[in-house]
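The values are calculated or read from the model by the stated rules, or taken from the named source; none is laboratory data. Since the structure is predicted, the reported quantities are computational estimates derived from the model, not experimental observations. With ideal geometry, Cβ positions are generated from the backbone for all residues, glycine too; neighbour counts draw on all protein chains shown. Calculation scope for accessible area: heavy atoms of the full protein, side chains included, ligands and nucleic acids excluded. Shrake-Rupley method; radii C 1.70, N 1.55, O 1.52, S 1.80 Å.
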Amino acid sequence: MQLAVSPPAEWAGTVPAVPVPEAGRGRFLGAVPAAATRRASWQNRFAALLSRLLTREGARRVTILISRGNEMVRVGQFANAGFMVQGGTIDVGDLERLPSHVAGGAFLHELTEQWERQANGTNAFNTAHSIAVGADKYVTGEDRIAEFETRIAPGRIRGAVEDWTWWLCYRRSGSGGGRLFVLEMTMRGMDVQTWRYRPENFSNLVAVSAAAQGLNMAPPGAG
């Protein structure tokens, strides 16, 4: 994979001598090895996985378009959506407004999706996304299990100046009792504005879903 990317200096790290979990063709699957969690910070894991992506599959080229404050792109755009939104676009303005380890995981999530689409011929977003979530988990040590967003009326799209809320629900690898936590982002159009971790100590996904419904939120596409 050939790719010219210069991530922020804070993402730099020493590549650890630990294996990257992988199974099958381009899949980043499975739990983060305990040795990797003990021996390397998320920055080290980021550097290891970025190195793996940039050196895989020889000379295959993946084109990434970097934008900033693109109100049409929520972190990354998988495929073309008309002339205004090009596939392979990553909005670094959104990354800057996320917790550092989440931004690092999201960046490699987007690179993995584009490797799947452009070099591996994976045209289905859901397939590429499910693979990329494994890259995300490897970097952060957090398993993303659900997301919720403010409901919109059927047939509408989110306007560039519309404010809404986006939740990502996680379980930390090795967390006792399987407790869940929620990263809450305030959005305007497709731009991240602010973030915080919800104060609730959620015991299961049913509890998260109930809290989301109480705030007029639902899983993406639920209306």
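Calculate, for segment 65-141, the solvent-accessible area per residue in square angstrom, rolling a 1.4 angstrom probe over the heavy atoms of the protein chains. Walk me through the numbers on the way to the answer.
Values: 2860 Å² over 77 residues.
Roughly 37 Å² per residue, with all protein chains present.
Quick one: length gained pulling ALA218 to ILE152 fully straight, 0.36 nm per residue minus the C-alpha distance? Don't skip to the end; give the middle numbers.
Values: separation 66, 0.36 × 66 = 23.76 nm, distance 0.95 nm.
In short, 22.8 nm is gained.
So what J values fall out for segment 201-215 if you push phi through Karplus, 6.51 cos²θ - 1.76 cosθ + 1.60 with θ = phi - 60°, rounded to Hz, Gly and Pro as x?
9, 6, 8, 7, 5, 4, 5, 5, 4, 5, 5, 5, 4, x, 9
Go through segment 106-121 residue by residue and turn each phi into a ³J(HN,Hα) via Karplus (6.51, -1.76, 1.60, θ = phi - 60°); whole Hz please, and just put x for glycine and proline.
Each residue's phi maps through the Karplus curve to give 5, 4, 6, 4, 5, 4, 5, 4, 6, 4, 4, 6, 8, 9, 9, x Hz.
Going by average Cβ density within 10 Å per residue, which order do the peptides 129-136, 192-199 take, highest to lowest?
Working: 129-136: 21.5, 192-199: 12.6.
Per-residue Cβ counts within 10 Å, averaged per peptide and sorted highest first, yield 129-136, 192-199.
Could you check how much of the accessible area of segment 102-223 is carbon and sulfur, as a whole percent, using a 1.4 Å probe?
The computed percentage sits at 52.
Sequence-distant or interchain residues sharing an amide H contact under 5 Å with ILE66, placed H: which?
Amide H neighbours of ILE66, under 5 Å, 5+ apart: ILE90.
Once each part is reduced to its C-alpha centroid, what is the distance from segment 194-219 to segment 61-126 in angstrom?
Cα centroid of segment 194-219 versus Cα centroid of segment 61-126: 26 Å apart.
Could you run the Karplus curve 6.51 cos²θ - 1.76 cosθ + 1.60 with θ = phi - 60° over segment 182-198 and give me ³J(HN,Hα) per residue in whole Hz, x for Gly and Pro?
Here the 3J(HN,Hα) series is 10, 8, 9, 10, 8, 10, 10, x, 10, 9, 5, 9, 9, 9, 7, 8, 4 Hz.
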